[in-house]
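The values are calculated or read from the model by the stated rules, or taken from the named source; none is laboratory data. Note that the coordinates shown come from a computational prediction; the quantities given were computed from them, not determined experimentally. For neighbour counting, all protein chains shown are included, and Cβ atoms are generated from backbone atoms with ideal geometry for every residue, glycine included.
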Amino acid sequence: MTNITNHTASYKDPSGFVFVEAGVVKRQINPIYFKQYQALKESGFFKQLFDNQLLVKHDEVFSSSEKIVLQPEHISFITYPYEWSFNQYKAAALLTLKLQKFAIEHGFTLKDASAFNVTFNKGKAVFIDTLSFDFYIENSPWRAYKQFITHFLGPLVLAHYHGSQSLKLISNFMDGIPLKMLASMLPFKTKLNPFLYSNIHLLAKFEDKHNQDYKGETKASTLSKKAQLNIVQSLYDYIKKLNLKESSEWGNYYNKINYCDSSFDFKSKIINQWVDNLNTKTLIDIGGNDGTFVRKIKASLQHALVCDIDNNAVDHNFKLINTNKDSYITPFVLDVLNPSASIGFNNLERFSFLKRIKDFAPDTTLALAVIHHMSLSGNVSFDMSARFFASFSKDFIIEFPKREDSWVQRLLNSKTDFKAYFDFYNEDNFENSYKKYFQIIEKQHITGTHRVLYLMKVK
Amino acid sequence: MYSLYFDPGLGAMIIQSIVAAVAAILLFSKNILYKVKAFFGLTKKDNDELFDDINVKESDIDNTSN
C-alpha cells in the first residue's frame, strides 16, 4: 500500500483512525474495537442507521486479525459546526440525540457527542464518526452528556438569547463552550427554568465543585436506562422547540432585495446560458443568499455549494432544501472577508475554507452582487478579490454593480469624508485588475439596472 | 468501555440523576397537560416540517446475519 497519510484530525480515539489512501478516505479499526464493530455490524444496527440516512455508509474493504478497514461514502465538501445556520445546528443536535436513544435501546451508547461528528450531506445532517458507538453498560450514566451540553445545547441556547453569531464560538472552543462561561453568559431568567437550570447552571456548579477530584470516582455514579432515556428525550423536546428571535425576517426575505422582475429574469437567463455552455457540474455561489439563483439554473448540477454571511438566508436555504428535496445543494454560513481558518492541533484538525474549496475545485464560481460589499464595506482592493476568486475554479461569473447602482451609492455615502478614497470603484479599474488573473470571455449589461455580468476564465 | 480518551467530567456524571429527575417531572407534566388539552380539544397538530420525532424508523425485516 502506497501513498497513505493519516488524517490529521483523527488521533484522539484509540479505536481506530481515518487515513487517506490514494485520495480515498478510509477508516482503520484497531483490534481494541473489533468486538464493538462486529456487534454493531451483525445486529443490523449499522444497516438500520444507513437505511435511515443517519450514519455515513461504509463498505468493509479489508479484514485481518490486526485491522479492519472501512471505506465510507465520499462526502465531497465537509462543513463544520461554526459554518452552520441555526436550524442546521439544531438538526445536528437532534441527530445526535436520536442516535443516542436508538443506541441505548439496542444495547449501545455514544461514547462521545462532539459537534464535529456531524456534517451535512445530500441536504441532511449525517453522523460521520462510525467508531463513536460503544457497548451500553447497564445503569451507567451517559459519558458524553457534558460534551453534548458544551457542543450542542450550550451554543444553541446562547444563539437563542444572543443571536446566531454565538454559533461561531465553537471555532475558538473546539472542545465545547466552557461550562462556567456558558452559564455566566445566560440571562438570569434561565435559572428559573428547571430544564436550563439543571442542564446548564447546576451542571456548571457540579463540574466546578468536582474538578479537583482526581480519584476517578466517575464509575461510582449510576443512572438507570429509563432515567437516561428521560434526559435524552427532554433534551430532544427542548432543542426541537428552540428558535431564533431574529427568525421573523424570513417571510419576506427576497422582497427586501430590490430587483425588478424583468431584470431578475434577464440575469438568470444569461447565467443559465453561460452555465449551460460551460457544462458546469459543480459550483460554488459565494454570497448566494438562500440559493435562489442556483435553483434557477436549469442544467443538472452534481453539487452546488451556496454560502452567505447571513444566517437567516442560509437557514431559509436549508428549509427549502428539505421541502424541495434539493439534495445537491450544500448551504453554509461564510464571511468572505474572514473565511474559516485552519484550526486545532498543528492547525491541521479542521481545514480552512480555502483548503477545502481548492480540494473541491468547483467547475464554476458565482459571485453575484457581492463585489461591492467586498470592495466598499471590506475595503478589499479589486486586485485582492481577483486573486481570491482566481484560486479555486476555472470559470468565474461575477456581477459588478456600477457606481450608479443604488446599493453602491448607499455604501459610498456611508463613507462620508472618505468617499474620495473609493473613487477607484469603477468598471475600468475593475476590469483592469481582473484581467491580470482572468480572461474576460463575455460581458452583459443587465437591462433596467446599473449592473454588469461578466463571464471570465482563469489565465 | 476502555476508550476513556476524554474526561467525561465527574460532576457531569453525578449530576445526571438530578437532571433525569427534573426531566422525568417535565415529561410527566407535559404529558398530563397534553391529555388535559386533548380532552378539551385544544391540541395543535405538530406542524414542524423540518424536524421529526426522536424515534428511528425501524424496518420490519430483521437484517441480522445470525
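Per-structure values
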| read-out | value |
| --- | --- |
| Test result for A:LEU301, out of contact with any strand residue (DSSP E or B) (no Cβ under 8 Å at 6 or more places or on another chain) and under 20 Å from A:ILE398 (Cα atoms) | no |
| Check on A:LEU320, surrounded by fewer than 24 Cβ atoms within 10 Å (Cβ to Cβ), within 21 Å of A:LYS122 (Cβ to Cβ) and hydrophobic (A, V, I, L, M, F, W, C) | yes |
| Unmet requirement for A:THR447, which otherwise passes all of (1) surrounded by 13 or more Cβ atoms within 10 Å (Cβ to Cβ); (2) in contact with a Phe, Trp or Tyr (Cβ under 6 Å, 6 or more places away or on another chain) | (1) |
| Subset of the stretch A:117-163 that is of a type in the set (A, V, I, L, M), under 27 Å from B:SER17 (Cβ atoms) and at the interface with another protein chain (Cβ under 9 Å from one of its Cβ atoms) - its residue that is surrounded by the most Cβ atoms within 10 Å (Cβ to Cβ) | A:ILE149 |
| Any chance A:GLN88 is modelled with pLDDT under 95 and more than 25 Å from A:ILE29 (Cβ to Cβ) | no |
| Which numbered condition A:ASN347 fails, given (1) away from every other protein chain (no Cβ under 14 Å); (2) closer than 22 Å to A:ALA159 by Cα; (3) not hydrophobic (A, V, I, L, M, F, W, C) | (2) |
| Of all residues making up the stretch A:210-233, the number that are assigned to a loop (DSSP other than H, G, I, E, B) and either modelled with pLDDT of 80 or more or among the hydrophobic types (A, V, I, L, M, F, W, C) (or both) | 4 |
| Flag for A:ALA390 being aliphatic (A, V, I, L, M), in contact with a strand residue (DSSP E or B) (Cβ under 6 Å, 6 or more places away or on another chain) and buried (at least 20 other Cβ atoms within 10 Å of the Cβ) | no |
| Number of the condition not met by B:LEU50 [criteria: (1) modelled with pLDDT under 85; (2) aliphatic (A, V, I, L, M); (3) assigned to a helix (DSSP H, G or I)] | (3) |
| Options A:LEU376, A:LEU348, A:LEU366, A:LEU412: the member that is surrounded by 15 or more Cβ atoms within 10 Å (Cβ to Cβ) and under 24 Å from the mean Cα position of the chain (by Cα) | A:LEU366 |
| Extreme residue, nearest to A:LEU244 (Cα to Cα), among residues of the stretch A:322-334 that are modelled with pLDDT under 95 and in contact with a strand residue (DSSP E or B) (Cβ under 9 Å, 6 or more places away or on another chain) | A:ASN322 |
| Residue match in the stretch A:137-158 (condition: part of a strand (DSSP E or B), modelled with pLDDT of 95 or more and over 19 Å from the mean Cα position of the chain (by Cα)) | no |
| Identity of the residue in the stretch B:1-28, more than 7 Å from chain A (Cβ to nearest Cβ) and at pLDDT 90 or above, that ends up nearest to A:ASP134 (Cα to Cα) | B:ALA21 |
| Options A:ILE397, A:ILE357; residue that is within 25 Å of A:ASP265 (Cβ to Cβ) and either surrounded by fewer than 18 Cβ atoms within 10 Å (Cβ to Cβ) or assigned by TED's automatic domain parsing to the domain that holds A:LEU305 (or both) | A:ILE397 |
| Looking only at the stretch A:169-194, and only at residues there that are surrounded by 14 or more Cβ atoms within 10 Å (Cβ to Cβ) and among the hydroxyl-bearing types (Ser, Thr, Tyr), the one that is nearest to A:TYR238 (Cα to Cα) | A:THR190 |
| Number of the condition not met by A:PHE173 [criteria: (1) within 12 Å of chain B (Cβ to nearest Cβ); (2) in a loop (DSSP other than H, G, I, E, B); (3) at negative phi] | (1) |
| Listing of strands (runs of 3 or more DSSP E) fully contained in the stretch A:1-116 that carry 3 or more residues being crowded, with 18+ Cβ neighbours inside 10 Å and either within 14 Å of chain B (Cβ to nearest Cβ) or among the basic types (Lys, Arg) (or both) | A:24-29, A:108-110 |
| Which listed residue is in the same structural domain as A:SER234 (by TED's automatic domain parsing) and among the small types (Gly, Ala, Ser), from A:GLY23, A:GLY16, A:GLY107 | A:GLY107 |
| Lone qualifier among A:PHE148, A:PHE173 - being assigned by TED's automatic domain parsing to the domain that holds A:ALA227 and touching a residue at least 24 places away in the same chain (Cβ under 8 Å) | A:PHE148 |
